[in-house]
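Any read-out appearing in this document is the output of simple, stated calculations on the displayed coordinates, not a laboratory observation. Only a predicted model underlies this, so the values are computations on that prediction, with no experimental measurement involved. Cβ sites come from the backbone with ideal geometry, for glycine too, and all protein chains shown count toward neighbours.
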């Protein structure tokens, strides 16, 4: 039996270890997956911010160039009178040319509009004409002055644009180029166009000097940076943007993923916890069952052996003719039989309490009378161990509505524990007190005492301070559990105070109802 129990414990321990490792592995994978998801969201966010800042820089540079040209040049010189004549004159007039061919004659008509030249070629037979050579400069078609000027202006425009940008950045500081309202407007537009709507703070630095900041700017290493006016050859200005709520924003953007992951993780943990609790409970029940069987076997074996001895003694011819001895052995048989009956009754009562089928018969009784009867029942056990009981009643004779039978058994169980767990001669004190709400029965001893951990389980079913197969103290772990249930059924409570090696004190609280008071 012991070997089978050991193997069962090992299997349960291995199962618990495997489940724990599996749970840790699943939780670790979930954490790794969520971390990667967060990093991907952060990278996308950083990329969107970088693109937004690049857009801000590009817009500022373009707008600054346009503003400079508008303020300083107004574009008027390009439309001044000396240039207008080039757009009004026509240098290719409507004309006709006859070119002599070897096999016939060709007629070429050239017509010109403001923006196009139409060349029409006709071949005519036997039409006289004149042959001209394109090598003759007097008849060569050349570029107009307007086209030449347009080409020059195009080249000048590209060079002029570069010179203007360089001039702007060289002569003006960034603070003169950018206003806080203008920058905030462009920055907000670029961020919102990329779906970034969280609050932000920014600053503009020229070299190592901060020249412009938002109201709540606080520089952090995580600030995003972009170069303003990148075509400036004589200095660099930078735009720095910080998002105080970046972490919460990224987490909120992952709320669905986090919720699903959290729900599944919690479900796994809950299932694991329930399975583990059930396994431990089954393990404990198995141990309790084994201890209970061993203890009950011992408890029944002793009175059965005693009864057998008494029966054998009664068969002795010397005893048969001795009425006193017959009475003595008959009393032994009766006591041991009563003892076994009480043990069976206690098990049956616990079964009824489990099914909530235990019926109590309440009647008003003087509580001190019940206590005296219980002490009288314990007198023989005390005398056999040389013990004594000291009692003091401070309740002035309170009558309580109680079930006499079950409450008597409760008090006897507590007193019986006080006797059994006393190392030397038992010294038991019984005191009664009364408050506005409760009648209190206090039973103390100077026995073995209990640790704090043992006190937590003292009212658990089948629990014994001396557990396992050690039977130096008789019992099966049902007495205090039964007492706890009966006191609760009376609307009261039972508590214990104990110190290892110094004894224990039990407090039984029974409610005082108006009809219970004298």
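The table that follows gives values for the structure above.
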| read-out | value |
| --- | --- |
| Label-reachable residues, the stretch 399-415, where backbone N falls under 16 Å from a point 7 Å from residue 372's Cα toward its Cβ | 399-400 |
| Computed label-point distance, nm, for sites residue 193 and residue 15 using a 7 Å Cα→Cβ extension | 6.4 nm |
| Gain on full stretching of the segment that runs from residue 50 to residue 326 - 0.36 nm per residue minus C-alpha separation | 88.6 nm |
| Relative contact order (%) - criterion: Cα under 8 Å, at least six apart; region: the stretch 359-516 | 25 percent |
| Using a Förster distance of 60 Å, the FRET efficiency for residue 334-residue 257 (Cβ separation, nearest 0.05) | 0.20 |
| Förster-model FRET efficiency, 60 Å R0, residue 182 and residue 289, C-beta, rounded to 0.05 | 0.10 |
| At R0 = 51 Å, FRET efficiency that the Cβ-Cβ distance of residue 390 and residue 280 yields, to 0.05 | 0.75 |
| Relative packing of peptides 25-31, 244-250 - highest average C-beta neighbours within 10 Å first | 244-250, 25-31 |
| Burial ranking of peptide ranges 370-377, 280-287 (average Cβ count within 10 Å, highest at the top) | 370-377, 280-287 |
| For the stretch 359-516, alpha-carbon Rg relative to the globular expectation (2.2 N^0.38 Å, N residues) | 1.01 |
| Cα-projected label distance for residue 362 with residue 404, points at 7 Å along beta-carbon direction, nm | 1.8 nm |
| Tensor-based shape of the stretch 234-301 (alpha-carbon gyration tensor, a/c under 1.5 rounded, otherwise prolate or oblate) | prolate |
| For the stretch 238-255 versus the stretch 190-215, the gap between their alpha-carbon centres in whole angstrom | 13 Å |
| Exposure proxy order (Cβ contacts within 10 Å, fewest to most) of 190, 363, 42 | 363, 42, 190 |
| At 1.002 mPa s and 20 °C, Stokes D of the stretch 254-345 from Kirkwood alpha-carbon radius, µm² per second | 118 µm²/s |
| Length-normalised contact order of the stretch 282-336 in % [C-alpha pairs under 8 Å, at least 6 apart] | 35 percent |
| Packing-based ranking, highest mean first, of 412-420, 210-218 given that Cβ atoms within 10 Å are counted | 412-420, 210-218 |
